[in-house]
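Values quoted throughout were computed directly from the atomic coordinates according to the rules given, and no laboratory measurement underlies them. The shown structure was predicted, so the numbers you read here are calculated from the model rather than taken from an experiment. Note that each Cβ is placed from the backbone with ideal geometry, even for glycine, and that neighbours are counted across all protein chains shown.
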Amino acid sequence: MKIALVSDAWSPQVNGVVRTLETTAATLRARGHHIEPITPDGFRTIACPTYPEIRLALGCGRAVADRLERAAPDAVHIATEGSLGWAARKWCLANNLPFTTSFHTRFPDYVAMRTGLPASWFWPILERFHRPAEAIMVATETLASELAAHGLTQTRRWSRGVDLSLFRPGRAAHPALASLPGPIQLYAGRVACEKNIEAFLASRVPGTKVVVGDGPARVPLQRRFPEARFLGALHGEALAAVYAGADVFVFPSHTDTFGLVMIEALASGVPVAAFPVPGPLDVIGGLGRGLSGRAGAQIGALRHDLDAAIIAALDADRMACAVEGRRYSWDACTDQFFTSLAPLSPPLARAA
């Protein structure tokens, strides 16, 4: 099958959305499918206000339409609600062609945090974008319920995966963690205000707090919390080695739709501490024993008091964490994506 994948989020951005899209695309290619990515590279772009890592294509409507027409895809998936996504949506609707979308990010909440305006002001834009889609792919049932409350009921499950050959227990810890006072408390991800990293860095649990990642909040947070270790963005073996050296992974966000880093931590045998909010509830579970029932023991702790969550998570069973982490595979994730697509019937090339 030839699949057009339209996304305003793409390499060199570093986040869970990009990792999910790129890994799913690579897995589909390995299965013999052709992926036609329509991404910001190749377009004239500007930085997205308040989110400069995202580049928004300018005047891209005709170019996106031309690329879709030349590609003659069998299915169109629109992954993001940026300028490329809106252009592809317009082309599909103008040609009366089905398409699917995915809901990765609570942009109304993010924009509200940055502007001080109510999130409710921005939800109608998201509702309008996704309403014509044949299916809206979401990572969790909690997110599906949230979208249903906004009148978007055509959701399909598209979970997340983890590279189990990379994130696994028993590997050597990163040398940057050597001789640091324990317990080692780790955050990994984008360093931005919506991630609520300040709550983690302000916690009073003894030990060393380590932050992996980059973003607009890194410099001010380093100034406010000089005792924390900021390692910058790490990838591959280096990132896996930092997970391996951590005693607990702390996920302080209130706004994430899933939290890919949580399952990377679990697969590495590291328990997770977080607030009892969507995302952590969908991965760690309200009782801290996961959702699959396979772990059989504590894999983390969710508390309204983050200090209490960290302390409780330190007593979790690291082997149970790894067992729970192994249930998230990219193959299963890709199966969900592929079966949720809405093929053009007949495909555009034969319909022309």
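Which loop GluC sites (Glu not before Pro) in the stretch 115-177, with loop taken from DSSP, have no more than 12 other Cβ atoms within 10 angstrom of their Cβ? Present the calculation step by step, with values, prior to reporting the outcome.
Details: sites: GLU127, GLU134, GLU141, GLU146; in loops: GLU134.
When the GluC sites (Glu not before Pro) of the stretch 115-177 are filtered for loop state and at most 12 Cβ neighbours within 10 Å, nothing remains.
Determine the gain in length on full extension of the stretch GLU22-GLU227; use 0.36 nm per residue of separation and subtract their C-alpha separation, reporting nm with one decimal. Please report the intermediate quantities before stating the final value.
Numbers: separation 205, 0.36 × 205 = 73.80 nm, distance 3.53 nm.
Going from the current span to full extension adds 70.3 nm.
Helix 83-94 and the longest principal axis of the C-alpha atoms of the chain enclose an angle of approximately 40°. Remark: spin-label model distance THR115-ASN96 equals 3.6 nm, labels positioned 7 Å along the Cα→Cβ axis. Between the exposed loop cleavage positions of the chain, defined as trypsin sites (Lys or Arg not before Pro) in a non-H, G, I, E, B DSSP state with at most 13 neighbouring beta-carbon atoms within 10 angstrom, the longest gap is 45-203.
For the stretch 72-212, relative contact order (Cα pairs under 8 Å, six or more residues apart, normalised by length) works out to 17 percent.
Only Lys, Arg, Asp and Glu count, each charged at its Cβ (+1, +1, -1, -1), so figure out the dipole size of the chain about its Cα centre, rounded to 20 debye. Could the numbers behind the result be given before it?
On the way: 35 positive and 31 negative charges, 86 e Å.
Dipole magnitude for the chain comes out near 420 debye.
Find the relative contact order for the chain and round it to a whole percent, using C-alpha pairs within less than 8 Å whose residues are 6+ positions apart.
Values: 722 pairs, mean separation 60.4, N = 352.
So the answer I get is 17 percent.
Counted over all Cα-Cα pairs of the stretch 175-328, pairs farther apart than 24 Å make up 23 percent.
FRET efficiency for the ASP305 to SER11 pair, using the beta carbon distance and R₀ = 35 Å, is estimated at 0.40. Binning the alpha carbon pair distances of the stretch 277-320 at 10 angstrom intervals from zero yields the distribution 33, 56, 10, expressed in whole percent. Under 18 Å between alpha carbons, and skipping anything fewer than 8 positions from LYS209 in its own chain: which lysines qualify? Of all the lysines, those that pass the test against LYS209 - Cα under 18 Å, at least 8 places apart if same chain - are LYS195.
Tell me the GluC sites (Glu not before Pro) within the stretch 170-232 that lie in a loop according to DSSP and have at most 15 other beta-carbon atoms within 10 Å. Present the calculation step by step, with values, prior to reporting the outcome.
Working: sites: GLU194, GLU198, GLU227; in loops: GLU227.
Passing both the DSSP loop test and the Cβ count: GLU227.
Taken along the Cα-to-beta-carbon direction at a fixed 7 Å, the label points for ARG31 and VAL219 span 4.4 nm.
Only Cα pairs under 8 Å and at least 6 apart count here; give the relative contact order of the stretch 175-328 as a rounded whole percent.
Values: 327 pairs, mean separation 32.3, N = 154.
Here the relative contact order equals 21 percent.
Between the beta carbons of MET319 and LEU281, assuming R0 = 22 Å, the FRET efficiency works out to 0.45 to the nearest 0.05.
A Förster distance of 35 Å, applied to the separation of the beta-carbon atoms of LEU180 and ALA297, puts the FRET efficiency at 0.85.
Centroid-to-centroid, using Cα positions, the stretch 1-46 and the stretch 241-293 are 26 Å apart. Against the empirical curve 2.2 N^0.38 Å, the C-alpha radius of gyration of the chain lands at a ratio of 1.00. Using a ≥ b ≥ c from the Cα gyration tensor of the stretch 138-262 (square roots of the eigenvalues), is it rounded, prolate or oblate, where a/c under 1.5 gives rounded and otherwise the larger of a/b and b/c decides, a/b for prolate? Oblate, because a/c is 1.5 or more while a/b does not exceed b/c.
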